[in-house]
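Take a look at the structure below.
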Amino acid sequence: SGILEGQPVYFIKQGDSCKGFKIRRLAFRNSLGCWDYFNFTKKSTQTIEVDRNNYSTMLGTFNKSNWRYNNTQRGKTTRQTTVILKETLNTDWITEEAGTLIEKLIYSTNVQIVENSDTEFTEGVIVTDSSFVRKTKANDRLIQYTITIEYANPINTNS
């Protein structure tokens, strides 16, 4: 369904959550090349994944004739860390029509988390869910979706 010419378009400003949940607003390019938006207003959980590139060195120092060992030396050292932020987002109770919007979000190749009072700046994200179960009022009564996103840029670790 699209906007019909001459039909009014309504925008609803969404206030802060009364339970303290952070509102996560996702913008995504739809199949027509236009931007759609969806607010995830329920509990969101952040997970930080750390990948370490480690190496081992031999303890001690050789100085031509002497072998010296210092108990502050380390054998295993981290060369580099890569830190990825992932977040699980939950919708409020929604209609079947709004569920089709979530489905299109999962298909999208360009998704952004949009700056608002709970998000510092707009940033690229990737939806990591690889399957989608369509929910209906008849089957599920109340409809709520959970999706997982991964921030497109790693967290700066200065390593």
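The values are calculated or read from the model by the stated rules, or taken from the named source; none is laboratory data. Note that this is a predicted model, so its numbers are computed, not measured. Note that each Cβ is placed from the backbone with ideal geometry, even for glycine, and that neighbours are counted across all protein chains shown. SASA here: full protein model, heavy atoms, side chains in, ligands and nucleic acids out. Shrake-Rupley method; radii C 1.70, N 1.55, O 1.52, S 1.80 Å.
So the values come out like this:
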{"item": "Global geometry of region 18-62, whether rounded, prolate or oblate, following the gyration tensor of its Cα atoms and the 1.5 cut on a/c", "result": "oblate"}
{"item": "Exposed-loop-free span, longest in the chain, where trypsin sites (Lys or Arg not before Pro) count as exposed if DSSP calls them loop and at most 10 other C-beta atoms lie within 10 Å", "result": "75-140"}
{"item": "Proximal aspartates and glutamates relative to LYS43, as straight alpha-carbon distance under 14 Å, when same-chain residues fewer than 8 apart are discounted", "result": "ASP16, GLU87, ASP92, ASP118"}
{"item": "Contact order relative to length of region 12-159, as percent, for alpha carbon pairs under 8 angstrom and 6 or more apart", "result": "27"}
{"item": "Where GluC sites (Glu not before Pro) in DSSP loops with at most 11 other Cβ within 10 Å are excluded, longest remaining stretch of the chain", "result": "6-119"}
{"item": "Per residue value of the accessible surface for the chain (all protein chains in place, 1.4 Å probe), Å²", "result": "74"}
{"item": "Sequence-distant residues sharing a close amide H with TYR145 (under 5 Å, placed H)", "result": "THR91"}
{"item": "Rough spin-label spacing in nm, given labels placed 7 Å along Cα→Cβ, for THR136 and ALA98", "result": "2.0"}
{"item": "For the chain, the longest site-free run once chymotrypsin sites (Phe, Trp or Tyr not before Pro) in DSSP loop states with at most 12 other Cβ atoms within 10 Å are removed", "result": "12-68"}
{"item": "Surface share of carbon and sulfur [accessible, 1.4 angstrom probe, percent] for region 12-159", "result": "47"}
{"item": "Overall form of region 23-117 per C-alpha gyration tensor (a/c, 1.5; a/b vs b/c)", "result": "prolate"}
{"item": "Stokes-Einstein D in µm²/s, Kirkwood radius over Cα pairs - the chain at 37 °C with 0.692 mPa s viscosity", "result": "170"}
{"item": "Proximal aspartates and glutamates relative to LYS64, as straight alpha-carbon distance under 19 Å, when same-chain residues fewer than 8 apart are discounted", "result": "none"}
{"item": "ARG29 versus PHE121: modelled label distance in nm, points set 7 Å from Cα along the beta carbon direction", "result": "2.1"}
{"item": "FRET efficiency for ASP51 and PHE21, using Cβ-Cβ distance with R0 set to 35 Å, rounded to 0.05", "result": "0.75"}
{"item": "Contact order normalised by residue count of region 93-146, Cα under 8 Å, 6+ apart, percent", "result": "45"}
